[in-house]
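The values are calculated or read from the model by the stated rules, or taken from the named source; none is laboratory data. It should be emphasised that the depicted structure is a prediction, and the values quoted were computed from it without experimental measurement. Here the Cβ positions follow ideal geometry from the backbone for every residue, glycine too, while neighbour counts run over all protein chains shown. Accessible surface is based on the protein model in full, side chains and every heavy atom, while ligands, DNA and RNA are left aside. Shrake-Rupley method; radii C 1.70, N 1.55, O 1.52, S 1.80 Å.
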Amino acid sequence: VGLKVLRGWCSVDLWMRGEQFRFVNAHLEEETAAPIQMLQARQLLAMLGKCKTPVLLAGDFNADPLHRTGVTQTYDLIIAAGFKDAWAVVHPAEFAGGLTWGHDEFLADPGVGFVWRLDYLFYRGAKLHPVQADVFDLELERSAPPLWASDHAGLGASLLFQPPPAPPKSNKGHGK
């Protein structure tokens, strides 16, 4: 009996305005297959552990950061690997906010709102600094389903490349 997993990731190394970074787009398995999701996350993090440039890791991770299902620890695993969550950094008082999933499967019921935060932009690198993170839900302005483009909202974030702060100047040896 074979197992076919259609979710995974892709990556590309980019240079922008003299800065190099790796961008990874991921879609991990659902929490209903938690062991597979954790294996995917571990494999992805092992590959990224060798990367010396800053990394942007975006996508549908199918993992609740509040552990309300109690099934996976994928979010914690990614944070423990040195990544930061752009939404949580920009909105520290709204960690439970930024909900991106929950429309019904037929995209037909306007009364069903988002209930989970499953989509993220994680980043790693001293030069990366998030300045904005917003959730947007693309309505199709229809009267018949599908009412939305997806069962997920989009997560948009802006990050700046900034050099690390200069160390403070020392007055030693200047007679002061």
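Checking Ile36 against (1) assigned to a helix (DSSP H, G or I); (2) within 17 Å of the chain's Cα centre (by Cα): exactly one of these is not met. Which one?
(2)
Please find, among Val55, Val12, the residue that is under 17 Å from the mean Cα position of the chain (by Cα) and over 24 Å from Ala88 (Cα atoms).
Answer to the check: Val12.
Checking Pro110 against (1) in a loop (DSSP other than H, G, I, E, B); (2) out of contact with any strand residue (DSSP E or B) (no Cβ under 8 Å at 6 or more places or on another chain); (3) under 30 Å from Gln43 (Cα atoms), only one condition comes out false. Which one?
Pro110 satisfies every listed condition except (3).
Pick out the one residue from Pro92, Pro35 that is at pLDDT 95 or above, loosely packed, with under 13 Cβ neighbours inside 10 Å and out of contact with any strand residue (DSSP E or B) (no Cβ under 7 Å at 6 or more places or on another chain).
Step by step, each of Pro92, Pro35 is checked, and only Pro92 is at pLDDT 95 or above, loosely packed, with under 13 Cβ neighbours inside 10 Å and out of contact with any strand residue (DSSP E or B) (no Cβ under 7 Å at 6 or more places or on another chain).
Return yes or no: is Asp104 farther than 22 Å from Gln37 by Cα and assigned to a loop (DSSP other than H, G, I, E, B)?
So Asp104 passes the test.
Is it true that Glu105 is loosely packed, with under 15 Cβ neighbours inside 10 Å, within 16 Å of Glu30 (Cα to Cα) and acidic (Asp, Glu)?
yes
In region 15-33, which residues are assigned to a strand (DSSP E or B) and within 19 Å of the chain's Cα centre (by Cα)?
The answer is Phe21, Arg22, Phe23, Val24, Asn25, Ala26, His27.
Looking at (1) crowded, with 20+ Cβ neighbours inside 10 Å; (2) free of Cβ contacts under 8 Å to residues at least 60 places away in the same chain, which one does Phe21 not meet, given that it meets all the others?
Of (1) crowded, with 20+ Cβ neighbours inside 10 Å; (2) free of Cβ contacts under 8 Å to residues at least 60 places away in the same chain, only one is false for Phe21: (2).
In region 39-54, what count of residues is obtained for those that are open to solvent by less than 30 Å² (accessible area, probe 1.4 Å), touching an Asp or Glu at 6+ places or on another chain (Cβ under 9 Å) and in a helix (DSSP H, G or I)?
1
Name every residue in region 126-152 that is open to solvent by less than 30 Å² (accessible area, probe 1.4 Å) and under 30 Å from Gln20 (Cβ atoms), in order of residue number.
Leu128, Pro130, Ala133
Of all the residues that make up region 113-136, how many are closer than 27 Å to Leu44 by Cβ and either acidic (Asp, Glu) or assigned to a loop (DSSP other than H, G, I, E, B) (or both)?
Adding up the residues that qualify gives 9.
Does region 62-80 include one or more residues that are part of a loop (DSSP other than H, G, I, E, B), in contact with a strand residue (DSSP E or B) (Cβ under 7 Å, 6 or more places away or on another chain), farther than 23 Å from His152 by Cα and in contact (Cβ under 8 Å) with a residue 40 or more places away in the chain?
The answer is no, given that none of the residues of region 62-80 is part of a loop (DSSP other than H, G, I, E, B), in contact with a strand residue (DSSP E or B) (Cβ under 7 Å, 6 or more places away or on another chain), farther than 23 Å from His152 by Cα and in contact (Cβ under 8 Å) with a residue 40 or more places away in the chain.
Within region 62-71, is there a residue that is aliphatic (A, V, I, L, M), out of contact with any Leu (no Cβ under 6 Å at 6 or more places or on another chain) and modelled with pLDDT under 90?
yes
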